[in-house]
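The values are calculated or read from the model by the stated rules, or taken from the named source; none is laboratory data. Just so it is clear, the structure is predicted and the values come from calculations on it, not from any experiment. Glycine also receives a Cβ, built like all others from the backbone with ideal geometry; neighbour counts cover every protein chain displayed. Just so you know, the surface numbers come from the protein's heavy atoms only, side chains and all, with ligands and any DNA or RNA stripped out. Shrake-Rupley method; radii C 1.70, N 1.55, O 1.52, S 1.80 Å.
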Amino acid sequence: MTVAKTTAERPLLVGGEWIETGEWLDVRSPYSGEVVGRVARGGAAATRDAIDAAARALEAPLPAHKRAEILVRVAGYLGRRHDEVARTIAEEAGKPLRAARVEVRRAMSTYTMSAVEARKLSGEIVPMDAAQAGEGKLAFTLRRPVGVVGAITPFNFPLNLVAHKIAPALAAGCPVVLKPASQTPLSALLLAELELEAGLPPGWLNVVVGAASEIGDVVVEDDRVKVLSFTGSAPVGWALRERAPRKRVALELGNATPAVVTADADLDDAAAKLAANAFSFAGQSCISVQRIYVEAPAYEPFLDRFLPLVRELKVGDPLDEETDVGPLIDDAARERIAAWVEEARAAGARLLAGGATRDDGLLAPIVLADASPELKVSSEEVFGPVCTVNAVASLDEAFALANRTRFGLQAGVFTRSLDAALRAAHELEFGGVTINEAPTFRADQMPYGGVKESGNTREGPAYAIRELTEERLVVVQLP
Ligand code: NAP
């Protein structure tokens with residue numbers, strides 16, 4: 001195996017110091033298999049040290065204006081080192097460069113929005129004379145940082161989902177112990193370097209990479225960690241929550257994202273947005289379009305528009321500027337997805353696009369028709385370049401199928417009918433509903449999160465800060 005010339009060696013960050021542990025983990029490109037970096041391997045001891053450092057940081061609170069200035073500076077540094085950061089994402093996650101650049105810009109926005117929230121953080125006046133007992137008293141609330149935050153992040157947005165953990169926590173005044181995904185730790189450690197350059201004092205951000213369960217156990221068991229903020233798969237997230245009944249455990253988990261297209265929809269617009277958003281980053285987004293339900297009269301006209309766009313998507317090297325669809329994160333993911341597609345075909349689903357094995361081992365976008373709701377491709381989160389397109393007889397049937405899932409992150413509808421749009425808003429059981437936009441849409445200030453098994457919280461700096469602060473009531477007896 002060759003080692004790329006740009007290979008980075010990154011120690012862990014604990015208490016403001018870069019720590020080598022004597023053991024290195026290789027980070028490999030999911031496309032070429034080349035080693036693109038090495039990271040010091042941490043475990044329980046490094047995690048305990050990190051929590052110690054975070055708890056010490058909390059003893060010297062940073063005023064809001066300093067926190068905001070640091071956050072704004074990090075956004076600026078991300079802009080300045082934009083190409084290098086995008087390349088790091090592309091190399092370690094296999095995300096096509098163009099999408100990686102979008103991720104960098106989004107992380108800049110996450111930092112900028114968090115800085116705004118840091119400056120706005122305040123409590124409220126309680127109308128005391130609204131009840132007789134409160135007469136003659138003034139009361140107000142303060143929003144206090146909840147304490148040390150433990151954050152665990154997945155591989156698929158290795159920069160911006162880390163930004164969504166760190167930036168709101170710092171805005172709220174909470175130090176962070178971060179465990180990024182083992183497959184993609186380089187972007188997180190690069191971001192940590194920018195935090196230090198921006199003047200973040202020691203202990204406010206600590207990054208430990210290594211054995212997930214070892215690090216997770218310490219974070220779960222240490223009472224000084226007040227919030228565990230987790231983004232990743234549903235089984236891991238819910239299991240962590242069960243083990244930490246006395247912590248706030250904020251979960252951002254998976255989905256099996258549906259989109260409904262009504263007979264009167266703008267089919268060109270729907271086809272373009274759904275083709276792009278079912279397959280970008282090879283479907284490895286928690287809100288990648290996975291299930292499309294089209295009212296019967298529009299079914300064939302929709303496919304006539306959708307399938308050519310899918311076939312045009314360029315599959316290949318993520319470092320190639322032209323690439324739309326890159327590799328899956330690892331062989332296990334590719335084999336699992338191929339098996340699910342085989343299961344669907346054996347049960348009678350028709351293959352409308354993709355399905356052939358390529359020489360370079362990548363999966364070209366796969367479209368299946370007539371996939372029944374019990375199949376894994378319809379009911380589980382595929383997290384790969386696969387989507388189903390089924391005809392439905394009515395809006396009732398479309399919404400019933402869209403809701404027939406244990407997940408509830410985002411769903412979308414394409415329609416020109418105001419009634420259908422408003423019904424979607426009321427009847428689709430998801431944390432977010434998009435109308436004439438793909439359900440993959442996210443701007444970083446939005447309240448973003450799921451219902452049902454998709455999670456129990458909302459991210460977006462203003463919303464995350466609610467979880468990261470506690471209200472303290474102050475009552476004053478007026479003279
Ligand atoms: P994952 O396997 O659940 O891993 C996520 C993180 O959890 C990684 O850092 C992983 O560490 C860590 N982890 C695994 N087992 C753990 C344990 N026992 N204790 C503590 N930490 C543990 O998920 P993934 O494959 O990286 O990401 C894909 C999933 O994330 C999908 O389900 C996707 O829908 C979801 N996701 C949700 C959102 C959202 O905002 N709702 C956004 C993006 C992704 P290692 O890497 O070391 O194993």
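Listed here are the residues, each with its yes/no results for (1) without any contact (Cβ under 8 Å) to a residue 40 or more places away in the chain; (2) open to solvent by less than 10 Å² (accessible area, probe 1.4 Å); (3) within 21 Å of the chain's Cα centre (by Cα).
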position: A198; (1), (2), (3): no, yes, no
position: N206; (1), (2), (3): no, yes, yes
position: V209; (1), (2), (3): no, yes, yes
position: D217; (1), (2), (3): no, no, no
position: R224; (1), (2), (3): no, no, no
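From the list L121, L178, L161, L170, pick out the single residue that is open to solvent by 20 Å² or more (accessible area, probe 1.4 Å), of a type in the set (A, V, I, L, M) and in contact (Cβ under 8 Å) with a residue 24 or more places away in the chain.
Numbers: L178 fails: open to solvent by 20 Å² or more (accessible area, probe 1.4 Å); L161 fails: open to solvent by 20 Å² or more (accessible area, probe 1.4 Å); L170 fails: open to solvent by 20 Å² or more (accessible area, probe 1.4 Å).
Just a single option satisfies the conditions, and that option is L121.
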Single condition L190 does not satisfy, out of (1) out of contact with any Ser or Thr (no Cβ under 7 Å at 6 or more places or on another chain); (2) over 23 Å from S454 (Cα atoms); (3) open to solvent by less than 20 Å² (accessible area, probe 1.4 Å); (4) more than 14 Å from the ligand (Cβ to nearest atom) = (1)
Filter region 226-236 down to the residues that are under 24 Å from D52 (Cα atoms) and open to solvent by less than 20 Å² (accessible area, probe 1.4 Å), then identify the one that is farthest from the ligand (Cβ to nearest atom).
-> V227
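Residues in region 246-258: is at least one without any contact (Cβ under 8 Å) to a residue 12 or more places away in the chain and farther than 25 Å from A86 by Cα? Before you say what the answer is, go through the steps one by one.
Start the filter on region 246-258 by keeping residues that are without any contact (Cβ under 8 Å) to a residue 12 or more places away in the chain, which leaves none.
Checked against the condition, which is being without any contact (Cβ under 8 Å) to a residue 12 or more places away in the chain and farther than 25 Å from A86 by Cα, region 246-258 yields no hits at all.
Going by what's in this entry, would E295 be described as open to solvent by 30 Å² or more (accessible area, probe 1.4 Å) and closer than 30 Å to N390 by Cβ? Step through it out loud before you land on a result.
Working: open to solvent by 30 Å² or more (accessible area, probe 1.4 Å): yes; closer than 30 Å to N390 by Cβ: yes.
The answer is yes for E295.
Give the residue that is nearest to T231 (Cα to Cα), with candidates limited to residues of region 454-479 that are part of a helix (DSSP H, G or I) and open to solvent by less than 80 Å² (accessible area, probe 1.4 Å). Step through it out loud before you land on a result.
Within region 454-479, the first condition is being part of a helix (DSSP H, G or I), and the residues that meet it are 454, 461-468.
Imposing the further condition that a residue be open to solvent by less than 80 Å² (accessible area, probe 1.4 Å) reduces the set to 454, 461-465, 467-468.
On the way: S454: 10, P461: 15, A462: 18, Y463: 15, A464: 13, I465: 16, E467: 15, L468: 15 Å.
Restricting to residues being part of a helix (DSSP H, G or I) and open to solvent by less than 80 Å² (accessible area, probe 1.4 Å), the top hit is S454.
Restricting the search to region 191-248, which residues are small (G, A, S) and in contact with an Asp or Glu (Cβ under 9 Å, 6 or more places away or on another chain)? Steps first, answer last, please.
Taking region 191-248 first, the residues small (G, A, S) are 192, 198-199, 203, 210-213, 216, 229, 232-234, 237, 239, 244.
Within region 191-248, A198, G199, G203, G210, S229, G232, S233, A234, G237, A244 qualify.
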Answer with yes or no whether L422 is more than 15 Å from K452 (Cβ to Cβ) and either acidic (D, E) or without any contact (Cβ under 8 Å) to a residue 12 or more places away in the chain (or both).
-> yes
Cβ-Cβ under 6 Å pairs, at least 6 apart or on other chains, region 401-418 side in the same structural domain as C286 (by TED's automatic domain parsing), far side in a helix (DSSP H, G or I) and surrounded by 24 or more Cβ atoms within 10 Å (Cβ to Cβ) | F407/S454; G408/S454; L409/S454; A411/A402; V413/A424; F414/A270
Residue satisfying condition, being at negative phi, among the aromatic types (F, W, Y) and either more than 16 Å from the ligand (Cβ to nearest atom) or part of a helix (DSSP H, G or I) (or both), within set F407, F399 = F399
Hey, any hits in region 293-310 for a residue that's farther than 20 Å from T262 by Cβ, without any contact (Cβ under 8 Å) to a residue 12 or more places away in the chain and not polar (S, T, N, Q)?
-> yes
Members of region 237-267 found to be in a strand (DSSP E or B) and either away from the ligand (no atom under 14 Å from the Cβ) or under 24 Å from P301 (Cα atoms) (or both), listed by number | R248, T257, P258, A259, V260, V261
Which members of region 310-337 meet the condition of being open to solvent by 60 Å² or more (accessible area, probe 1.4 Å) and in a helix (DSSP H, G or I)?
-> R311, E312, D331, A332, R334, E335, R336
Candidate set: region 423-479, residues that are of a type in the set (S, T, Y) and under 25 Å from M108 (Cα atoms); chosen: the one nearest to the ligand (Cβ to nearest atom) = Y448
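Condition check ((1) in contact with a strand residue (DSSP E or B) (Cβ under 6 Å, 6 or more places away or on another chain); (2) surrounded by fewer than 23 Cβ atoms within 10 Å (Cβ to Cβ); (3) in the same structural domain as S182 (by TED's automatic domain parsing)) across all residues:
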site: R246; (1), (2), (3): no, yes, yes
site: A270; (1), (2), (3): yes, no, no
site: A276; (1), (2), (3): no, yes, no
site: A282; (1), (2), (3): yes, no, no
